[in-house]
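Student: Just dropping this structure here.
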Amino acid sequence: MPGPSGVFVWYELMTTDAAAATAFYRAVLGWHARSAGQPGTDYTLLLADEAPVAGAMTMPPGGSCAGGTRPTWIGDVAVEDVDAMAARVAKAGGAILRQPEDIPGIGRFAVAADPEGTAFILFHGTEAMPPPPFAMDRPGHPAWHELVATDAEATFAFYSRLFGWTKAEAHDMGPMGVYQLFAANGVTIGGMMTRPPGMPAFPWTFYFRVESVEAAAERVKAQGGSVLNGPHEVPGGQWILQAHDPQGAAFALISAGR
């Protein structure tokens, strides 16, 4: 497929009210929205700098394609062969929640889960649908990928075997444990850590860049969302916050300054 494999190339919001969620993210992140134009599917494309970066759809009755019943963000990882990678996921101790299938004119996908049950999507696009031109340093674009696991070392090993991810810097967070950065194709794209006692389980958390997390926090609250943590500074001088949108999906924001 066009572009590198083993990296996140798309982000999907499965929610109880796609129209309301789209309005929220447009106000918070400045995204634009338009219909994907797929027959029989009410799927909304979300755009930053006129480039599609994510999509939103209302969950089917009984839950989402990610296997859960709560609104959630789920990330697509590019692979060369969806069917072969799905088999590798199962062999490595993960699970396939939705078997490989085609999206006409777009590509092929499968919904998978790691050994702890955290969902992600395997995706291979057609030649006519290259990955969007993400720019991690530009507002509205995805900038970081974070996973808090029961056993971060074993979970990292799972993803590393599948996608070739490598360890980057490690930050000692004291009582919180070690925050291990990881890289895909030589570029640091996220971090993992073992979940401290008492912390609830989270899906993959995706950070979207804004000019100011402090200003964005006020937009989150004004639009009916809730700030869970932050804003606060993290190693490297970035500022972050974690939040829930009005439907309950977790997401995060990051900026170069407060």
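Student: Kindly establish whether Ala170 is part of a helix (DSSP H, G or I), open to solvent by 50 Å² or more (accessible area, probe 1.4 Å), out of contact with any Lys or Arg (no Cβ under 7 Å at 6 or more places or on another chain) and farther than 22 Å from Thr72 by Cβ.
Tutor: Taking the combined requirement at face value, the residue does not satisfy it.
Yes or no, residue by residue, for (1) out of contact with any Cys (no Cβ under 6 Å at 6 or more places or on another chain); (2) open to solvent by 30 Å² or more (accessible area, probe 1.4 Å); (3) in the same structural domain as Val227 (by the TED database); (4) part of a loop (DSSP other than H, G, I, E, B):
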site	(1), (2), (3), (4)
Leu47	yes, no, no, no
Ala90	yes, yes, no, no
Gly93	yes, yes, no, yes
Gly105	yes, yes, no, yes
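Student: Out of (1) modelled with pLDDT of 95 or more; (2) open to solvent by less than 10 Å² (accessible area, probe 1.4 Å); (3) over 21 Å from Thr126 (Cα atoms), what's the single condition that is false for Gly75?
Tutor: With respect to (1) modelled with pLDDT of 95 or more; (2) open to solvent by less than 10 Å² (accessible area, probe 1.4 Å); (3) over 21 Å from Thr126 (Cα atoms), Gly75 is out only on (3).
Student: When Tyr159 is evaluated against the numbered criteria (1) surrounded by fewer than 19 Cβ atoms within 10 Å (Cβ to Cβ); (2) without any contact (Cβ under 8 Å) to a residue 60 or more places away in the chain; (3) part of a helix (DSSP H, G or I), which criterion, by number, is the only one it fails?
Tutor: All conditions are met except number (1).
Student: What number goes with the only condition from (1) assigned by the TED database to the domain that holds Val53; (2) surrounded by 15 or more Cβ atoms within 10 Å (Cβ to Cβ); (3) among the small types (Gly, Ala, Ser) that Ala149 does not pass?
Tutor: (1)
Student: Would you mind telling me which numbered condition in (1) surrounded by 13 or more Cβ atoms within 10 Å (Cβ to Cβ); (2) closer than 28 Å to Leu45 by Cβ; (3) modelled with pLDDT under 95 Val187 fails?
Tutor: The one condition Val187 does not meet is (1).
Student: Could you please find all residues in the stretch 213-237 being buried (at least 17 other Cβ atoms within 10 Å of the Cβ) and part of a loop (DSSP other than H, G, I, E, B)?
Tutor: Residue satisfying the conditions is Gly225 alone.
Student: OK, next. Which members of the stretch 233-258 meet the condition of being under 16 Å from Glu146 (Cα atoms), among the polar types (S, T, N, Q) and modelled with pLDDT of 95 or more?
Tutor: Listed by number, the residues that qualify are Gln242, Ser255.
Student: Follow-up. Ala154 fails exactly one of the following numbered conditions: (1) assigned to a helix (DSSP H, G or I); (2) touching a Leu at 6+ places or on another chain (Cβ under 9 Å). What is the number of that condition?
Tutor: Going through (1) assigned to a helix (DSSP H, G or I); (2) touching a Leu at 6+ places or on another chain (Cβ under 9 Å) one by one, Ala154 breaks only (2).
Student: In the stretch 8-22, how many are modelled with pLDDT under 95 and in contact with a helix residue (DSSP H, G or I) (Cβ under 9 Å, 6 or more places away or on another chain)?
Tutor: Residues meeting the conditions: 0.
The values are calculated or read from the model by the stated rules, or taken from the named source; none is laboratory data. Here the structure is a predicted model, which is why all the values come from computation and not from measurement. Backbone-built Cβ (ideal geometry, glycine too); neighbour counts: all protein chains shown. Protein only, heavy atoms only, side chains kept; ligands, DNA and RNA dropped before computing areas. Shrake-Rupley method; radii C 1.70, N 1.55, O 1.52, S 1.80 Å.
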